[in-house]
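First comes the structure, then the notes that go with it.
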Amino acid sequence: MARTPFRVEVLTPEGLVFDDEVGMVSTRTEIGSIGIMARHQPLLGRVVPTELRLYKSESDIVRFAQGEGYVQVSEDGVLVLVEEAQTPGDLDVADLKEKLRKAEDDYAAAEENTEQQRRAGRDKRRWEAFLEIAEGA
Amino acid sequence: MSASQRDVKTRIGSVKNIQKITRAMEMVAAARLRRAEQRIAALRPYAGAIRRMTQQAAEAAGSSEVSGLPILSEHDSENNVALLLVTGDRGLAGAFNSQIVRAGLRAGRDAESSGQGVRYSAVGRRGVSTLNFRDKDPDGRYVGFTDRPSYADARAIAEDLMAAYIDGKADRVEIFYNGYISPLTQEVRRETLLPLQQATILESDDEDEQDGDTKPSRALVDYEPDAKEILAKLVPDYVEISVYRALLESTASEHGARMTAMRNASENAGELIEDLTLEMNRARQAEITQEIMEVVAGAESLT
C-alpha cells in the first residue's frame, strides 16, 4: 500500500543534509524505536545515536548514521535535528574502533558519578551505534 | 656583468620567488575564507531550530525547570577560572594568533592577582605551544582541525568545559577568539561561556521574530521522554553551538588575516623588486658609461 508522502528535513550544524518527501521515517528516541508516518501526532523527542532510515518507497531507503539530537513532528512535516548525520559508506570502521576504545578507557578512568563519566558514556554509546552501522553497511 | 650586478640579479630572483609564494598563499586563503563564510551561514538554521525547540520545551516544562540546570546555576564563589584561547594551527597571519594569546594571558594575570586559580586550554598549535613555552601547561590541547573545524570538535571542547564546570573544577569559563567582521577586520572577543545566562536561552533573537508563520501550534504535543529531559539536553547544546560558532569565526578570521598579511607581503615584494631593478639598471648604466669613457679616452690618446 502506498503511503501518504510528507516532508522531512534532516538538519545538522554543518547544513541541511536531506530535504524531500518520504513515506516513513524510522529512528530511535530515548524511549525506543519509532516509525513516523504522515499525520503523526505532534511530537518533540530526543533521539539517540542509531541508523536513521528515510523510506522514500519500500525499496528506496536513504540511510544516515545519526548522532544525538531531536525529532520534531508538526503539521508542516518532520524535522530531524542531529549533531551529525553521515552516510553509512563514509564511516571508517578502524577509526570508530579507535574512538570507541578511547571512550571506554575514559569511562573506566573517570570518577564515579561525575559529568566526565557521563560524557564518556555518551561517547561510548555513539561510537558503538556507529560501529554497528558501519559493520552492517 | 660585474659581481655586484650579479648579486642584485640573484636577489631579484629570490624576492620574485617569495612573491610567487605569498601570492599563492593569498589566493588559497581567499578560497578557504569563502568556504568558512559558507559554514557560518550553514549553522544559522540549526541554531534557530534549537532555539525554537528550547522555547517550546521550556514552555511545556515550566520556566522553574530551566534555572535548576547545573550549567545555568552560578557557583557560590569564583575560585577557579578556565580560559579557552582559540588560535590557529599555523602562523603567517599577522597578529591573528598573538593578539589572542596576549588577551588571554592578560585576563589570566588579572584573575591571579585577585586570588583566583586559572586553568588554560587552547585550540590550535600556536596557542598550545605558546602556553607550553610560558609554563602554563594547558588542560585541554585541541589541535589539527583549525583549517576546517567540525561540530564534533566543538562538541568535544564544550563537553570538556561543561564537565569541568559541573564537576566543580572551574567556577567560570571564558573564551577568547577572533570574531569575524569582514575579510579585512577581525576583533578579539572575550565571552563568558559558563555559567550560561538564562536570558540567552529564553529571549528570542530578532531573526526569529520576523518569520511569524513558524509560531508553535497550540496542538497537544507528545514529549519523548518528557519536556524536562529534553530541555536538559537542549541547554548544553547552546554551549556547543557557541563554541562551534567561535571556531568557525576564528577560522574565517584566520584566513582573512592571512589573506591581508600575504597581500601586504606581495606588495612589499613588488616594491622591493622595483627598487632592486632600479639599482641594477643604475649599476649597468654606470658600467656602460665607464666603458665608453675608457674607449673615448683611449681614442683621444691615439690622436
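Structure values in brief
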| item | result |
| --- | --- |
| Segment B:30-260, relative contact order in percent, only Cα pairs under 8 angstrom and at least six apart counted | 33 |
| Protection proxy ranking of A:67-75, B:270-278 - average other beta-carbon atoms within 10 Å, highest first | A:67-75, B:270-278 |
| Angle in degrees between helix B:3-61 and the longest Cα principal axis of chain B, rounded to the nearest 10 | 10 |
| Using θ = phi - 60° and Karplus 6.51 cos²θ - 1.76 cosθ + 1.60, couplings along segment A:3-12 (whole Hz; Gly, Pro as x) | 9, 5, x, 9, 7, 10, 10, 10, 10, 10 |
| Fraction of the pair-distance distribution of segment B:1-141 above 19 Å, Cα-Cα pairs, percent | 73 |
| Net dipole in debye of chain B [+1 Lys, Arg Cβ; -1 Asp, Glu Cβ; about Cα centre; nearest 20] | 1160 |
| In segment A:1-95, the trypsin sites (Lys or Arg not before Pro) that fall in loop regions by DSSP, at most 10 other Cβ within 10 Å | A:R39 |
| A:F18 long-range amide H proximity, modeled H, under 5 Å | A:V10 |
| Residue-wise HN-Hα coupling along segment B:264-273, computed from phi with Karplus coefficients 6.51, -1.76, 1.60 (Hz; x: Gly, Pro) | 4, 5, 5, 5, 4, 4, x, 5, 4, 5 |
| Placed amide H near B:L194: partners under 5 Å, 5+ positions off or other chain | B:V173 |
| Translational diffusion of the protein assembly as shown, µm² s⁻¹ [Kirkwood Rh, Cα pairs; Stokes-Einstein; 10 °C; 1.306 mPa s] | 63 |
| Counting DSSP beta bridges with both ends in segment A:6-86, the antiparallel % (nearest 5) | 90 |
| Peptide A:42-53, shielding by other chains (average Cβ, 10 Å cutoff) | 4 |
| C-alpha long axis of helix A:93-109 to longest principal axis of chain A, angle in ° | 50 |
| Candidates per GluC sites (Glu not before Pro) in segment A:81-134, loop by DSSP, up to 13 other Cβ within 10 Å | A:E111, A:E112 |
| Local net charge near A:A94, Cβ-Cβ under 12 Å (Lys/Arg +1, Asp/Glu -1) | -1 |
| Computed over chain A, the ratio Rg/Rh where both radii use C-alpha atoms and Rh is Kirkwood | 1.02 |
| Environment charge at B:M262 (Cβ cut-off 14 Å; Lys +1, Arg +1, Asp -1, Glu -1) | +3 |
| Taking the C-alpha atoms of segment B:30-260, convex hull volume expressed per residue in Å³ | 125 |
| D_trans [Stokes-Einstein, Kirkwood Rh over alpha-carbon pairs] for segment A:6-86, 10 °C, 1.306 mPa s, µm² s⁻¹ | 130 |
| Evaluated over segment A:77-120, the Cα radius of gyration and Dmax, each in Å | 14.6, 43 |
| Helix B:151-166 vs. chain B, principal-axis angle (Cα, 0 to 90°, nearest 10) | 60 |
| Rotationally averaged projected area of segment B:227-303 (alpha carbon convex hull; nm²) | 5.4 |
| Furthest towards positive pole of dipole, B:S64, B:V86, B:A232, structure part chain B, Cβ charges | B:V86 |
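FYI, it's all coordinate maths here, none of it is from the lab. Fair warning: this is a prediction, and the values are worked out from it, not measured in the lab. Reconstructed Cβ throughout: ideal geometry from the backbone, glycine too, with neighbour counts over all protein chains shown.
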